[in-house]
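Notes follow once the structure below has been shown.
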Amino acid sequence: MINHVLGLLINPVIQWKKIREEDPSVQKLMIPVLILAAIPPVAGYIGTTTHGWSIGAGEPVMLEPGSALVLTILYYLAILAAIFSVALMIKWMGKTYGADQPFSRCLALSVYIPVPMLLIGIAQLYPILWLNLVIALPALAYTIMLLYTGVPVLMEIPKERGFLFSSAIAGFGMIGLVGMLAVTVFLWGIGLGPIFQS
């Protein structure tokens, strides 16, 4: 797993080919999924309960540990759900783009594409809005680059079709993000929001 993560950060095209040749099973991919998905929630828990965040010159706002734990678990489950739903979507849409690959390869794609965003989740240890934004933008750009370079290689399709397939995956991801935000607003609206330290 560490070799793949480092390889994707250093030389993604070669690393995608290595992942394709290795063709990991779903069971072998579970360890990277569970570890990488835990980085942002755990860092977020520590950051929101110990350091807090502030807007302007005000006092830092921190979450109660119990409330933060519930949100951490939900955050972790949301990341896992996103990874698996993207893998299912890749498998389902693959036939449209002439890329009928096994589910394990689709899961490998959905696990390793968001590596930069998951690794940068460590920045949530200090939830400073402007700093997290400055760090997250290059990670997001690199994630998009991994998407567009990885799809043609792992799905074994021409780059032109890979571009269209990658765009469909990116669109699905954006729709999923908006859906998650809507669910969050709904849950907070019915009283299941965070509890702040006084």
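The values are calculated or read from the model by the stated rules, or taken from the named source; none is laboratory data. Only a predicted model underlies this, so the values are computations on that prediction, with no experimental measurement involved. All Cβ positions, glycine included, derive from the backbone under ideal geometry; neighbour counts span all protein chains shown.
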remark   = Scanning segment 76-96 for residues that are hydroxyl-bearing (S, T, Y) and modelled with pLDDT under 95 gives T96
ask   = How many of the residues in segment 52-63 are over 14 Å from L131 (Cα atoms) and either among the charged types (D, E, K, R) or not in a loop (DSSP other than H, G, I, E, B) (or both)?
value = 3
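Results for (1) farther than 13 Å from P40 by Cα; (2) acidic (D, E), shown as yes or no for each residue.
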position	(1), (2)
T72	no, no
G98	yes, no
T143	yes, no
E160	yes, yes
inquiry  = Taking the criterion of being under 17 Å from the mean Cα position of the chain (by Cα), modelled with pLDDT of 95 or more, more than 30 Å from E160 (Cβ to Cβ) and β-branched (V, I, T), would at least one residue in segment 36-46 satisfy it?
reply    = yes
Filtered residues of segment 85-113 (kept if touching a Ser or Thr at 6+ places or on another chain (Cβ under 8 Å) and touching a residue at least 60 places away in the same chain (Cβ under 8 Å)) = V86, I90, S104
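Residues of segment 89-147 being in a loop (DSSP other than H, G, I, E, B) and either of a type outside the set (F, W, Y) or within 14 Å of V33 (Cα to Cα) (or both), which ones?
Our first condition is that a residue be in a loop (DSSP other than H, G, I, E, B); within segment 89-147, this holds for 95-102, 113-114, 126-128.
Once the filter is applied, which keeps residues that are in a loop (DSSP other than H, G, I, E, B) and either of a type outside the set (F, W, Y) or within 14 Å of V33 (Cα to Cα) (or both), segment 89-147 yields K95, T96, G98, A99, D100, Q101, P102, I113, P114, P127, I128.
Restrict the check to segment 188-195 and report whether at least one residue is surrounded by 11 or more Cβ atoms within 10 Å (Cβ to Cβ), out of contact with any helix residue (DSSP H, G or I) (no Cβ under 6 Å at 6 or more places or on another chain), of a type outside the set (F, W, Y) and assigned to a loop (DSSP other than H, G, I, E, B). Can you show your working first?
Quick first cut of segment 188-195, residues surrounded by 11 or more Cβ atoms within 10 Å (Cβ to Cβ) only: 188, 192-195.
Cutting the leftovers down to out of contact with any helix residue (DSSP H, G or I) (no Cβ under 6 Å at 6 or more places or on another chain) gives us 188, 192-193.
So of that shortlist, the ones also of a type outside the set (F, W, Y) come out as 192-193.
Add one more test, that the residue is assigned to a loop (DSSP other than H, G, I, E, B), and what stays is 192-193.
So far as segment 188-195 goes, yes, one or more of its residues are surrounded by 11 or more Cβ atoms within 10 Å (Cβ to Cβ), out of contact with any helix residue (DSSP H, G or I) (no Cβ under 6 Å at 6 or more places or on another chain), of a type outside the set (F, W, Y) and assigned to a loop (DSSP other than H, G, I, E, B).
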ask   = Are any of the residues in segment 117-129 surrounded by 16 or more Cβ atoms within 10 Å (Cβ to Cβ) and closer than 22 Å to K91 by Cα?
value = no
ask   = Under 8 Å by Cβ, and 6 or more places apart or on different chains, what pairs join a residue from segment 171-192 that is under 15 Å from L71 (Cβ atoms) with one that is modelled with pLDDT of 90 or more and among the small types (G, A, S)?
value = M180/A78; M180/A82
